[in-house]
């Protein structure tokens, strides 16, 4: 096996990623502040070291080969990891603390932030935690490319790339105006939503989960409005334009006397919330320690709300 560590540099990978993104030697060279011949030589060196053709080149076009597409994901991961590592080294030197990057989907931020606060209360002199909220899809991308150490998101299909542990099962609930007839019920069967204007997020795990039950009962989402934010949904429900379907996490801290939250039944549907990290990532001891401790803490979520 070739020892590539002394031959492939971050500069090689930067040139490759820039060219893959811009699909132009001139634009990529300008971005990197190098000459086109220097960039071309760098790409050629990388291809020789890997023993694979990464780009198909014509007079007017530069395109990734199938092998190039495979290499790109790894190159982005290495560059992000390197950039984060250099930032973390500077942070450690200036503050004496290790930085850990955690991402979470918005509906899980309340309990994630609470767990992080408890962790940093004990270990804050050694650790600095940086929190970000993103959609589940964006979280997986950030985790894959090394921008995050771990994340809290909905469970995805099995992947050898990730290690995941379930911390919570989050069920679907119905949100209605207090003036709505269904506001008198603590549990609402899906069949009683027949004839209602039903509002839910137009994509994501809630949509995927709710669509199953809606099809079973001949229901369809309303065409009167579309939303991507919880407060928008609440506003439309308050106005009695529609009833809303949410996950219980979104309503855990909802303090609004104008709205009523009921459990949806027959069927009861739940999504798994998982704590996830890459299997192959090289992590420092504090990142491993934080993952283990947050896993223990987050499994107590049902006791907090």
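The values are calculated or read from the model by the stated rules, or taken from the named source; none is laboratory data. The structure presented is a predicted model; accordingly, all values stated were derived computationally and were not measured. With ideal geometry, Cβ positions are generated from the backbone for all residues, glycine too; neighbour counts draw on all protein chains shown.
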Practice item. Give region 194-216 a look and list any residue that's assigned to a helix (DSSP H, G or I) and under 15 Å from residue 233 (Cα atoms), or say none. Key: 206, 207
Check your understanding: Inside region 137-175, can you point out the residues that are closer than 21 Å to residue 300 by Cβ and under 10 Å from the mean Cα position of the chain (by Cα)?
Key -> 150, 151, 152, 153, 154
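Do you know which of the residues in region 287-305 that are closer than 13 Å to residue 165 by Cα and touching a strand residue (DSSP E or B) at 6+ places or on another chain (Cβ under 7 Å) is modelled with the lowest pLDDT? Let's see the steps before the verdict.
Taking region 287-305 as the starting set, the residues that turn out to be closer than 13 Å to residue 165 by Cα are 291-299.
Still in the list and also touching a strand residue (DSSP E or B) at 6+ places or on another chain (Cβ under 7 Å): 291, 294-295, 298-299.
Details: 291: 93, 294: 92, 295: 92, 298: 88, 299: 83.
Going through the qualifying residues, I end up with 299.
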Review point. Within region 222-230, can one find any residue that is touching a strand residue (DSSP E or B) at 6+ places or on another chain (Cβ under 6 Å), assigned by TED's automatic domain parsing to the domain that holds residue 267 and either part of a strand (DSSP E or B) or surrounded by 14 or more Cβ atoms within 10 Å (Cβ to Cβ) (or both)?
Key: yes
Revision key, fill the gap. In region 176-212, anything surrounded by 17 or more Cβ atoms within 10 Å (Cβ to Cβ), closer than 15 Å to residue 269 by Cβ and more than 25 Å from the chain's Cα centre (by Cα) is listed as 188, 190, 193, 198
**Study point:** Index of the failed condition, residue 111 passing every other in (1) surrounded by fewer than 19 Cβ atoms within 10 Å (Cβ to Cβ); (2) touching a residue at least 12 places away in the same chain (Cβ under 8 Å); (3) assigned to a helix (DSSP H, G or I)
**Key:** (1)
Exercise for review: Tally the residues that are exposed (fewer than 14 other Cβ atoms within 10 Å of the Cβ) and either touching a residue at least 60 places away in the same chain (Cβ under 8 Å) or within 21 Å of residue 229 (Cα to Cα) (or both), restricting the search to region 142-160.
Suggested key: 1
Check your understanding: Within region 136-153, is even one residue part of a strand (DSSP E or B), touching a helix residue (DSSP H, G or I) at 6+ places or on another chain (Cβ under 9 Å) and farther than 30 Å from residue 93 by Cβ?
Key -> yes
Practice item. Considering each of 199, 193, 209, 131 in turn, give the residue that is touching a helix residue (DSSP H, G or I) at 6+ places or on another chain (Cβ under 7 Å) and more than 27 Å from residue 79 (Cβ to Cβ). Key: 199
